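**Q** This is the structure, below, for whatever I ask next.
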Amino acid sequence: MDRSTKRFSKNNTPFYHIHPWKRIEDIPYIPDDIPKFAPMLKRQSNEWMSYFGKFPESCAYIGVVDSFVGKNGTQIGRHVCGVPVNSDMLTLYPSNEDIFNAQKDISEKIEMVTTQLQVFAEADLLSFKTTAGKITITMGETIHLTFIVCDDTGMFHVTISKDTAFVCSLVYPEMHNLNKLIYVLRSLFNHNTSPLVSNFDFEIDEDIWHSLQYLTIEPTKEYLPKKLTLIHPDLIESSEFDPETTGCGLEWSKDDFADFDL
């Protein structure tokens, strides 16, 4: 595999800072409390090798986003957004500063999400727990946000999922009720700022929802709530529609009248 397709996996590290000094005598100031002898090495997990960023609090899993989207035996997942990362220098022979800048870019993207979630948590709308590459949200149900970076494209992705249930057969959870949270998260990356809102007391703007299509591989129309419109009885010809059988004056979906020229 070419080095350019291993930008994250070839340069991941558990350290999140720049080491500008190669020799101890180059350090301008050495505190007195630095031990004279190096401490004994402790056995550590190599879990960090699967992640890139500030491990473990704000890092992304190095993988393929397709494996986190769709239905499988354990969960159903949706794609929230995908944005580029400052990682072009990682395809060559990056310096410590180049690696740090890419790590910092990813960490700031994740911290933008956690900042918004913290606002929701302070309003008692949800609670959440952060682990490496994932945030688990509880808001009446358990929801998983997963952060992924792709070696080949250099893109940073956010996916959202729920666990499936086994009753007598496989049961997939309802995903339409996540639209507001997804709408907020996509808006964060659209504006590149956080937080944006403090509650979920808003209606999804249909035009904005579709304008954010550029951020996601998910068809925005698939999960858009059907907008209901009030059909006035005067607009419906009595010869074709009987008020007693059609329920004129009630709310109807636009799609119900798509074949009629009203």
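All of the numbers you see were taken from the coordinates with simple rules; none came from a lab. This structure is a prediction, so every number in the text was calculated from the model and none was measured. Cβ atoms come from the backbone with ideal geometry, glycine included; neighbour counts cover every protein chain shown.
**Q** So what are the ³J(HN,Hα) numbers for the range 188-204, from phi and the Karplus equation (6.51, -1.76, 1.60; θ = phi - 60°), rounded to whole Hz, Gly and Pro as x?
**A** 4, 6, 5, 8, 6, 8, 7, x, 10, 9, 10, 7, 9, 7, 8, 9, 5
**Q** Using a Debye calculation, one point per C-alpha and no hydration shell, please list log10 I(q)/I(0) for the range 63-110 at q = 0.18 Å⁻¹ in order.
**A** -0.69
**Q** Assuming R0 = 25 Å, can you tell me the calculated FRET efficiency for the pair residue 45 and residue 192, based on Cβ-Cβ distance, to the nearest 0.05?
**A** Rounded to the nearest 0.05, the efficiency is 0.15.
**Q** Still on this structure, please answer the following. Each residue of the range 127-136 in turn: what ³J(HN,Hα) in whole Hz from Karplus with 6.51, -1.76, 1.60 and θ = phi - 60°, glycine and Pro shown as x?
**A** Each residue's phi maps through the Karplus curve to give 9, 8, 9, 9, 10, 4, x, 8, 10, 9 Hz.
**Q** If I take R0 = 41 Å and measure r between the Cβ atoms of residue 142 and residue 15 in this structure, what FRET efficiency does the formula 1/(1 + (r/R0)^6) give, to the nearest 0.05?
**A** About 0.80, to the nearest 0.05.
**Q** Let me ask another. How many nm separate the modelled label positions at residue 179 and residue 221, each set 7 Å beyond the Cα in the direction of the Cβ?
**A** Those two pseudo-labels are separated by 1.5 nm.
**Q** Could you list the residues of the range 171-195 with an amide nitrogen less than 14 Å from a label point located 7 Å from the Cα of residue 214 in the Cα-to-C-beta direction?
**A** From the range 171-195, the list is 187, 189-192.
**Q** Let me ask something additional. Check residue 156: other-chain or 5+ apart residues with amide H under 5 Å from its amide H, H built from backbone geometry?
**A** Amide H neighbours of residue 156, under 5 Å, 5+ apart: 83, 85.
**Q** Starting from 0.36 nm per residue, how many nanometres of slack lie between residue 200 and residue 95 once their C-alpha separation is accounted for?
**A** So the extension gain works out to 33.5 nm.
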